[in-house]
DNA sequence: CCTTGGATCTACTCAGTGCATAGATTGTCT
DNA sequence: AGACAATCTATGCACTGAGTAGATCCAAGG
């Protein structure tokens, strides 16, 4: 055992050793249990076994912590979208539908985190990491819809319409499912989504 | 001046006279100024010129007040959707697009209230009035998409796919616009929405 | 008229929150 | 060894939603 290497699992003394990661973990599970509205920084600190002022040294404030979590979530979503669109044997429309299904699945599985990703009032929207991760997720969708070598454009450019249409329908469906339109409770939403999403995506022409 | 009729504008004494309506008004304007996250029951009471415990007699708790506001908002949205689809000279698809535009316009104009309508954790989702108003808004869209005399179905029924598709794309677009995807700030979002929405809706086939 | 009951409103308390500050502790570098 | 910087604790402040006890007022009935 080499006591010199900056071990991640340091014996917990006055200094925690890896508080930043521990806080992120505690925050994630608290979020999953209580949802965005039930989240609190103090409770996160409590779960990390640390005083309520300790997080300050790793996250400027609660917004910074939430922004970090949202960033991780956006990256995870981007991973999933990229994975879903990597089956090159399928034709374009099939891949688009598959990616849409992955988007909705992510939203339903990671309800609270997905919710958080869009809570602009709670996030630092100018955080460069968050922007990067968000753009990465959108880019995965955009590449599939507008093609690999389409020119990069502003989101608001009218030539983006096909990608925005695809994103809108999938995002809107995910939100409706999460927000209880197809029945409250996770099971009801998931069953409805499975039964409904393919039929819904059939109405998208891009 | 008949002092017997229960005037809405009673001179403000110990009893307010019309506190319920005043609270709703104060809450609405507070919401518009500070957004859902910045809303507080105490500040609402303060603006209504009344102590912080006074609202209790008109709304069980903050959730009941917010639910009442969401209900009013859903009814207002339903009114707008019905008005937008009433132009019988236009063909079906034109009317659907017009209704979608009305939906997005409402969301952008009434940002905070639209936001609130979908904050399930803050609302009493079982409140019958809220359910009624919500269903009314959806029904306006559904009638236009599936036809006046289509059978009534559960939202999650696969035969609802055309209406859900329409709702999803419009709702998703509105959320993206509100949540700053097309640029932060009201102006940017509105300009982008104007430029983008028609092109986006062109990809919807119902 | 006058009293009595019920509705409305005030005043206070409590637990909980985010944030700021001051001070204790510890690892690291010279 | 000594000093420094980073990390963590402890405390205080202003705010929140919610609960309780009591003041006030209105509108009946005697």
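The values are calculated or read from the model by the stated rules, or taken from the named source; none is laboratory data. Remember, predicted model here, so these are calculated numbers, not experimental data. FYI the Cβ positions are ideal-geometry reconstructions off the backbone, even for glycines, and counts take in every protein chain you see.
For the reader, a short list of remarks on this structure follows.
- Selection status of residue B:176, more than 7 Å from chain A (Cβ to nearest Cβ) and closer than 20 Å to residue B:81 by Cβ: no
So that you can scan it fast, the table gives a plain yes or no per residue for (1) over 28 Å from residue B:187 (Cβ atoms); (2) away from DNA strand C (no atom under 16 Å from the Cβ); (3) touching a helix residue (DSSP H, G or I) at 6+ places or on another chain (Cβ under 8 Å):
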position: B:43; (1), (2), (3): no, no, yes
position: B:77; (1), (2), (3): no, yes, yes
position: B:81; (1), (2), (3): no, yes, yes
position: B:90; (1), (2), (3): yes, yes, yes
position: B:97; (1), (2), (3): no, yes, yes
position: B:111; (1), (2), (3): no, yes, yes
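- Residues of segment B:125-166 that turn out to be in a loop (DSSP other than H, G, I, E, B), within 12 Å of another protein chain (Cβ to nearest Cβ) and either touching a residue at least 40 places away in the same chain (Cβ under 8 Å) or within 28 Å of residue B:66 (Cβ to Cβ) (or both), as a count: 5
Residues checked against (1) buried (at least 17 other Cβ atoms within 10 Å of the Cβ); (2) in a loop (DSSP other than H, G, I, E, B); (3) within 15 Å of DNA strand D (Cβ to nearest atom); (4) without any contact (Cβ under 8 Å) to a residue 60 or more places away in the chain:
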{"site": "B:27", "(1), (2), (3), (4)": "yes, no, yes, yes"}
{"site": "B:44", "(1), (2), (3), (4)": "yes, no, yes, yes"}
{"site": "B:52", "(1), (2), (3), (4)": "no, yes, yes, yes"}
{"site": "B:56", "(1), (2), (3), (4)": "no, no, yes, yes"}
{"site": "B:59", "(1), (2), (3), (4)": "yes, yes, yes, yes"}
{"site": "B:63", "(1), (2), (3), (4)": "no, no, yes, no"}
{"site": "B:79", "(1), (2), (3), (4)": "no, no, no, yes"}
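Conditions tested, residue by residue: (1) within 14 Å of chain B (Cβ to nearest Cβ); (2) within 15 Å of DNA strand D (Cβ to nearest atom); (3) at pLDDT below 90.
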position	(1), (2), (3)
A:2	no, no, yes
A:9	no, yes, yes
A:12	no, yes, yes
A:17	no, yes, yes
A:21	no, yes, no
A:30	no, no, no
A:33	yes, no, no
A:38	yes, yes, no
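- Subset of segment B:181-197 (residues that are surrounded by 14 or more Cβ atoms within 10 Å (Cβ to Cβ) and either over 11 Å from residue A:156 (Cβ atoms) or in contact (Cβ under 8 Å) with a residue 24 or more places away in the chain (or both)): B:189, B:190, B:193, B:197
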